[in-house]
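One structure is given here, and the rest of the page talks about it.
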Amino acid sequence: MERENEFLYLQLAQNIREQILTGFLKPGKFLLSENQLCKQYKISRSSVRKALDLLVQEGLIAKRVGQGTFVAPELPVREDRSRTLTIVATSPSYFIDYCMPQVIAAFRREYPHVAVKVLSIPGAAFRESLEASLEMGFQPDLLFVSDYQWKEFVQYPSSEFHDLKSLSDDLPHPIYPNLAQSFAFGGQTSALPVSFSSVYLVYNPQLFAGSGVEPPQPGWQAGDFLATAEALTRDKDGDGIADVCGFSLPISLSRWPAVALSFGVRFERDHDSQAMTRTLAFFHDMLFRRKVAALTVRS
């Protein structure tokens, strides 16, 4: 536990250090309070204080009694934009913590003259922190965000994103069309998925065989799915409550968009409301009208 706490305070110090040295946090700008840093980074107050004390010793920040901690006003921040690739990422992120170092290492082998800086910002404060920094002139090269955060940014009239369609067309392996279309907005592809959580639909062959029901077939439609789930649902003791449900539906909201995409939902501001209605009606039929699905919590 002691070594874990040491890692956490060093990680926080490194995050703030990178934000200062790349100009994300300008000289004289106040940092979040100790309380806010504890909540945003989910670490103890002692770890926060150790990180701030370390940065004070380095001359990067200063403390003012009764006001808080701020970036040293006289700090010379050199910005060599031609040799530094700056990535702003949301945290926490397993991809950033465990996969990005390998990606950066491969990039550095190909482009050894380019330094890579990754700035991690807690998800809860991501938009506000980035917007404030953009207003002060900080311009990151890449954003690594969740699909929900991307939707917030891309719909602002002032947002400036490069069209990545030509880049996606040159990829050696094409991106799943429904997934790629989800990042199209205003006639251009302003983002590309680099990491996503796959959703699998699996079935229990013993349950199908025991109920005398044909296993899933290619070309199934929503009606076929519902009819099969209904055939598999059983009320064994006759109390009016299903003891075996034909489908187990994860309660996590990160799973149901896969179904919505299959109904034609694109999750854009001007999305097809009828497609969303069909999606919700499908879930309603399974859970309440036909009662052939059970909500489950991921263990």
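Please find, among LYS29, LYS50, the residue that is in contact with a strand residue (DSSP E or B) (Cβ under 6 Å, 6 or more places away or on another chain) and more than 21 Å from ILE96 (Cα to Cα).
On the way: LYS50 fails: in contact with a strand residue (DSSP E or B) (Cβ under 6 Å, 6 or more places away or on another chain).
Result of the check over LYS29, LYS50: LYS29.
Going by what's in this entry, would SER129 be described as in a helix (DSSP H, G or I) and either of a type in the set (S, T, N, Q) or in contact (Cβ under 8 Å) with a residue 40 or more places away in the chain (or both)? It would help to see each step written out before you state the result.
Values: in a helix (DSSP H, G or I): yes; either of a type in the set (S, T, N, Q) or in contact (Cβ under 8 Å) with a residue 40 or more places away in the chain (or both): yes.
The answer is yes for SER129.
Checking the structure you have, find out if any residue of the range 210-226 is charged (D, E, K, R) and more than 32 Å from the chain's Cα centre (by Cα). Walk me through it before giving the result.
Here is the first cut: in the range 210-226, the residues charged (D, E, K, R) are 214, 224.
Among the residues that remain, those that are also more than 32 Å from the chain's Cα centre (by Cα) are: 214, 224.
Yes, that holds for at least one residue.
Mind listing whichever residues of the range 197-217 are in contact with an Asp or Glu (Cβ under 8 Å, 6 or more places away or on another chain) and surrounded by 11 or more Cβ atoms within 10 Å (Cβ to Cβ)?
Keep residues of the range 197-217 that are in contact with an Asp or Glu (Cβ under 8 Å, 6 or more places away or on another chain), which gives 208, 217.
Selection gives PHE208 alone.
Name the residues in the range 228-251 that are open to solvent by less than 50 Å² (accessible area, probe 1.4 Å), among the small types (Gly, Ala, Ser) and under 19 Å from ALA281 (Cα atoms), would you? Show your work before the answer.
Taking the range 228-251 first, the residues open to solvent by less than 50 Å² (accessible area, probe 1.4 Å) are 228-229, 231-233, 242, 244-247, 249.
Now drop any that are not among the small types (Gly, Ala, Ser), which leaves 229, 231, 242, 246.
The answer is ALA229, GLY246.
Just need a number here: residues in the range 40-68 that are within 17 Å of PRO122 (Cβ to Cβ) and in contact (Cβ under 8 Å) with a residue 40 or more places away in the chain. Show your work before the answer.
Taking the range 40-68 first, the residues within 17 Å of PRO122 (Cβ to Cβ) are 40-45, 47-48, 51-52.
Right, trim to in contact (Cβ under 8 Å) with a residue 40 or more places away in the chain and you get 40-42, 47, 51.
Residues in the range 40-68 being within 17 Å of PRO122 (Cβ to Cβ) and in contact (Cβ under 8 Å) with a residue 40 or more places away in the chain: 5 in total.
Only residues that are within 14 Å of SER129 (Cα to Cα), open to solvent by less than 40 Å² (accessible area, probe 1.4 Å) and in a helix (DSSP H, G or I): list them for the range 29-43, please.
Answer for the range 29-43, where residues must be within 14 Å of SER129 (Cα to Cα), open to solvent by less than 40 Å² (accessible area, probe 1.4 Å) and in a helix (DSSP H, G or I): just LEU37.
Regarding the range 231-247, can at least one residue be identified that is assigned to a helix (DSSP H, G or I), over 32 Å from the mean Cα position of the chain (by Cα) and without any contact (Cβ under 8 Å) to a residue 24 or more places away in the chain? Can you show your working first?
Restricting attention to the range 231-247, the residues satisfying the condition of being assigned to a helix (DSSP H, G or I) are 231-232.
Then drop every residue that is not over 32 Å from the mean Cα position of the chain (by Cα), which leaves 231-232.
Imposing the further condition that a residue be without any contact (Cβ under 8 Å) to a residue 24 or more places away in the chain reduces the set to 231.
Yes, some residue in the range 231-247 is assigned to a helix (DSSP H, G or I), over 32 Å from the mean Cα position of the chain (by Cα) and without any contact (Cβ under 8 Å) to a residue 24 or more places away in the chain.
Is it the case that VAL114 is touching a residue at least 24 places away in the same chain (Cβ under 8 Å) and farther than 26 Å from LEU37 by Cβ? Before the answer, list the steps.
Values: touching a residue at least 24 places away in the same chain (Cβ under 8 Å): yes; farther than 26 Å from LEU37 by Cβ: yes.
Considered against the rule, which asks whether it is touching a residue at least 24 places away in the same chain (Cβ under 8 Å) and farther than 26 Å from LEU37 by Cβ, VAL114 comes out as yes.
It is to be established whether one or more residues within the range 167-181 are surrounded by 10 or more Cβ atoms within 10 Å (Cβ to Cβ), more than 13 Å from ASP147 (Cβ to Cβ) and in contact with a strand residue (DSSP E or B) (Cβ under 9 Å, 6 or more places away or on another chain).
The answer is yes; a qualifying residue exists.
Could you give every pair whose Cβ atoms fall below 7 Å, whose first residue belongs to the range 280-292 and is more than 13 Å from PHE225 (Cα to Cα), and whose second residue is of a type outside the set (Phe, Trp, Tyr), counting only separations of at least 6 or pairs across chains?
Going by the 7 Å Cβ cut-off, the qualifying pairs are LEU287/ALA293; LYS291/ALA242.
The values are calculated or read from the model by the stated rules, or taken from the named source; none is laboratory data. The shown structure was predicted, so the numbers you read here are calculated from the model rather than taken from an experiment. A quick note on method: Cβ atoms are made from the backbone with ideal geometry, for glycine too, and the neighbour counts reach across all protein chains shown. Side chains are part of the model used for accessible areas, which takes the heavy atoms of the whole protein and leaves out ligands, DNA and RNA. Shrake-Rupley method; radii C 1.70, N 1.55, O 1.52, S 1.80 Å.
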